[in-house]
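Okay, structure first, notes after.
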Amino acid sequence: MASVNENFLKLPESYLFSEIASRVNKYKEAHPDSKIIRMGIGDVTLPLPKAVTEALHKAVDDMASSSSFHGYGPEQGYAFLRETILKNDFTDRGISIEADDIFVSDGAKSDTGNIGDILGADNVIAVTDPVYPVYVDTNVMGGRAGELVDGKWSKIIYMSCTTANGFVPSLPTERPDVIYLCYPNNPTGTTLTRDQLKVWVDYAIENDSLIMFDAAYEAFITEESVPHSIYEIPGAEKCAIEFRSFSKTAGFTGLRCGYTVVPKTVTAKRSNGDRVSLNRLWNRRQCTKFNGTAYIIQRAAEAVYSQEGKAQVREMLNYYLDNARLMKQSLTAAGLEVFGGVNAPYLWMKTPDGISSWEFFDKLLNELNIVGTPGVGFGPSGEGYFRLTAFGDKDQTKVAMQRIRDWKIED
Ligand code: PLP
């Protein structure tokens, strides 16, 4: 008889978004005329930039002619895209990685989830808390998490990020083998400066730890002191893998494209102590389990870097960042303590008077008809916090923020 991977059975049902939907539906049934504004979703709302749709159309035409038709492509991505990424995201920023360090994929969720395939089950994992849930859940699936006790997995090291440490995680007291860092951060919208990230790179080198650096929100960075890539930090090319995504950068959530950088200099050890290049293993993994991102989509991603593409993407990002700025001002004016929203599309706030994340969710829904995400859904240290996203329509965001500014927050 076939048996299952028991690790999957350890995972609790993902209850956050279904609970949100159920509370919103219940409210709507009771108040059918209410004008609910949703600010909980982490999905973009603007359509694709024109340069991208033009590239898509052209690529579709390529597929219609035998002289330009593309069947299976290279598993690692077409050279035209890898070279374009290399130049624009790295070489032009003074970072020296190579084109074959870059693996194009269908997005950062797949890659951050699949990367565990090449790691042993005995690795000790560290995550920031709150956290993008994919890092934790995929390590549960991989048998690296232990047991769930009071909301925490017994073998995972949780690095708490709260107002107490300004959302900058402290170095762990117990040495992890693998450290997941996501900056700009989802859900808190906070960042690490170059100096703060250097602390982690130095720690990883000194302790022979591997950093998984998720830079899915890199395009939202506005401040000079915030690094766009971990490879801006000397030594990171020896200890870090970086994940990037076109989803939030260029509206690709429905198209699906991202990439992962695994420098050939990053290694991990075998049981006999020998070092193995992770680039070689990831390449092997991708060639076996992945048949490449669609040609059409890779042409669309290439167009993000054209002159028109860059200008259109900038306009799109500014639209969301303008929302974020307005949200930050309005939430602050309402007396809330707000974080993020400067280099990220996420606003993270402390719930007033120490009420729980879910109590605040109900309050916002009932009193202002605004839907957000309870912070506790992202980890135990998210309790007492709440997330709003800046991905909404500008006019709707203005209406929501007027409601917030007029709000009398009472118990
Ligand atoms: N990483 C983080 C931190 C995210 O918040 C998200 C999506 O919300 C992803 C990765 C997934 O990106 P993609 O759409 O490329 O799979």
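List of remarks:
- With all protein chains in place and ligands, DNA and RNA left out, the 1.4 Å accessible area ranks C287, C239 as C287, C239, largest first.
- 5 angstrom amide H check on S245, placed H, neighbours 5+ away: Y259
- Rounded to 5, the percent of DSSP beta bridges in segment 52-305 classed as antiparallel: 45
- Remark: segment 267-275, residue by residue, has Karplus-estimated 3J(HN,Hα) of 10, 9, 9, 7, 5, 7, x, 5, 9 Hz, where x stands for each Gly or Pro and the curve is 6.51 cos²θ - 1.76 cosθ + 1.60 at θ = phi - 60°.
- In units of the compact-protein estimate 2.2 N^0.38 Å, the chain shows a Cα radius of gyration of 1.00.
- Cα gyration tensor, segment 1-80 - rounded (a/c under 1.5), prolate or oblate: oblate
- Dividing the Cα radius of gyration of segment 191-303 by its Kirkwood radius returns 1.01 for Rg/Rh.
- Nearby lysines by direct alpha-carbon distance to K109 (threshold 26 angstrom, same-chain neighbours under 8 apart not counted): K10, K50, K87, K152, K155, K198, K238, K248, K264, K269, K289, K310
- For the chain, calculated [θ]222 nm from helices alone, where every DSSP H run of n ≥ 4 adds -39500 (n - 2.57): -10500 deg cm²/dmol
- Between S277 and T253, the contour length at 0.36 nm per residue exceeds the alpha carbon distance by 5.5 nm.
- Sorted largest first by accessible area at a 1.4 angstrom probe radius, with every protein chain in place, the residues T53, T397, T162, T173 fall in the order T173, T53, T162, T397.
- Separation of alpha-carbon centers, segment 106-125 and segment 183-254, rounded to whole Å: 17
- In this structure segment 259-381 gives 41 Å² per residue of accessible area when probed at 1.4 Å with all protein chains present.
- Taking every alpha-carbon pair under 8 Å whose residues sit at least 6 apart, the chain reaches a relative contact order of 23 percent.
- In this Cβ point-charge picture (+1 for Lys and Arg, -1 for Asp and Glu), the chain has a dipole of about 380 debye about its Cα centre.
- Note on the chain: with a GNM built from Cα contacts shorter than 10 Å, the maximum mean-square fluctuation among Q307, Q76, Q329 falls on Q307.
- In this simple spin-label model, placing a label point 7 Å from the Cα along the Cα-to-Cβ direction at both Q307 and D117 gives a separation of 4.1 nm.
- Interchain or long-range residues, amide H under 5 Å from T267's placed H: L278
- Rolling a 1.4 Å probe over the protein heavy atoms of the chain, with every protein chain left in place, gives an accessible area that is 51 percent carbon and sulfur.
The values are calculated or read from the model by the stated rules, or taken from the named source; none is laboratory data. The structure presented is a predicted model; accordingly, all values stated were derived computationally and were not measured. Here the Cβ is made from the backbone with ideal geometry for all residues, glycine too, and neighbour counts use every protein chain on show. These area figures cover heavy atoms from the full protein model, side chains too; ligands, DNA and RNA do not enter into them. Shrake-Rupley method; radii C 1.70, N 1.55, O 1.52, S 1.80 Å.
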